[in-house]
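For reference, the structure is listed below as structure tokens.
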Amino acid sequence: RSTENFSRPKSEVDALFGIMQQFARQYRRHEAVRDGRVQVELLGDVDDQRIPSDAREELRQLESESKRACSATRKKDKSRRTLTINLAINYGGRADLLQASRRLAQAMLDGEVSPDAILDESEISRRLWTAHLPDPDLIVRTGGNARLSNFFLWETAYSELYFSDLMWPDFDDTALDEALRWFSDNERRFGGR
């Protein structure tokens, strides 16, 4: 759900949040979440009052329960790796770049950063809402759309993009396995040949 989706008809927005709530409830019970193999992170302005409170609560519970399970698993086995699924709720890539640019400009005005000290993109990266996350290796886009739609514009520079004709509610374990197989067959070059 991007920031722009609130301009859709209210019935459509309500239906989308109903699907999200159902998804969150379903995945809270998923074995991979319960046993600490998958951690869910919410990105964006989830506290926006336009988001129905029951959907917001269900999403927050999914996030907190998955974090708690992953933390417990890591305490038992420090070498155990987890998969992080980032759910962007009320997020927009352009809005993120705008707020990061404003924060950087303010840091310059405050004398915290000199323009001469900006030698690479790290000064912007560390001010993004996603600064605490690694850049994604794989982006899965459902619904038959072959575009990013204002999603992770900065972070996807070297991501593999997987497009599926399935709609999000129909994107099940089998579809995810197919996307992961596709990803594992790709040779990642990070801009090189």
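Quick one: which residues, 5+ away or cross-chain, put their amide H under 5 Å from the amide H of Leu43? H built at 1.01 Å from N.
Leu87, Ala88, Ile89
Sticking with the crude label model, points 7 Å out along Cα→Cβ, report the distance from Leu161 to Ala131 in nm, one decimal please.
If labels sit at Leu161 and Ala131, their model points lie 2.8 nm apart.
Using Cα positions and a limit of under 20 Å, work out the lysines in reach of Lys67, with same-chain residues fewer than 8 apart set aside.
By straight Cα distance, Lys67 reaches Lys75, Lys76, Lys78.
How would you classify the chain from its alpha-carbon gyration tensor, with a ≥ b ≥ c the square roots of the eigenvalues: rounded for a/c under 1.5, else prolate if a/b is greater than b/c, otherwise oblate?
rounded
Extension gain Ser114-Leu83, at 0.36 nm per residue separation less the Cα-Cα distance, in nm?
So the extension gain works out to 7.4 nm.
Arranged from highest to lowest average of other beta-carbon atoms within 10 Å per residue, in what order do the peptides 77-83, 14-20 appear?
Going from most to least packed, we get 14-20, 77-83.
Where the accessible area of the chain is counted over protein heavy atoms with a 1.4 Å probe, how much of it, in %, is carbon and sulfur?
Answer for the chain is 49 percent, counting heavy atoms of protein chains only.
Scan segment 114-154 for trypsin sites (Lys or Arg not before Pro) in coil per DSSP, keeping those whose Cβ has at most 11 other Cβ atoms within 10 Å, and list them by number.
Arg147
What shape does segment 148-193 take by its C-alpha gyration tensor, where a ≥ b ≥ c are the square roots of the eigenvalues and a/c under 1.5 counts as rounded, a/b above b/c as prolate, and the rest as oblate?
Note, shape of segment 148-193 comes out oblate.
Once you have the Cα-Cα distance between Asp185 and Ala32, take 0.36 nm times their residue separation minus that, and quote the gain in nm to one decimal.
52.7 nm
Per DSSP helix of 4 or more residues, -39500 (n - 2.57); summed, then divided by the residues of the chain. What does that give at 222 nm, rounded to the nearest 500?
It comes out at -13500 deg cm²/dmol, rounded to the nearest 500.
Using a 10 angstrom Cβ neighbour count of at most 11 plus a DSSP loop assignment to flag exposed GluC sites (Glu not before Pro), which longest range of the chain is free of such sites?
In the chain, the maximal stretch lacking such sites is 1-111.
Just to check I understand the Karplus step: with θ = phi - 60° and J = 6.51 cos²θ - 1.76 cosθ + 1.60, what whole-Hz values come out for segment 128-137, glycine and proline as x?
6, 4, 9, 4, 7, 10, x, 4, x, 7
On full extension of the chain, what length is gained from Leu138 through Ile19, given 0.36 nm per residue of separation minus the C-alpha to C-alpha distance?
My answer for the length gained is 40.5 nm.
Averaged per residue, what accessible surface does segment 1-68 expose to a 1.4 Å probe, in Å²?
On a per-residue basis, segment 1-68 sits at 55 Å².
Given a 1.4 Å probe and the protein chains all in place, what does the accessible area of Asp110 round to, in Å² to the nearest 10?
The accessible area of Asp110 comes to roughly 90 Å².
Once you order the gyration tensor axes a ≥ b ≥ c over the Cα atoms, which shape class does segment 51-127 get: rounded for a/c under 1.5, otherwise prolate or oblate by comparing a/b with b/c?
Taking the square roots of the gyration eigenvalues as a ≥ b ≥ c, segment 51-127 is oblate.
The values are calculated or read from the model by the stated rules, or taken from the named source; none is laboratory data. Remember, predicted model here, so these are calculated numbers, not experimental data. No Cβ is skipped: glycine too gets one built from the backbone with ideal geometry, and neighbour counts run over all protein chains shown. Quick note on the areas: whole protein, heavy atoms, side chains included, nothing else; ligands and nucleic acids left out. Shrake-Rupley method; radii C 1.70, N 1.55, O 1.52, S 1.80 Å.
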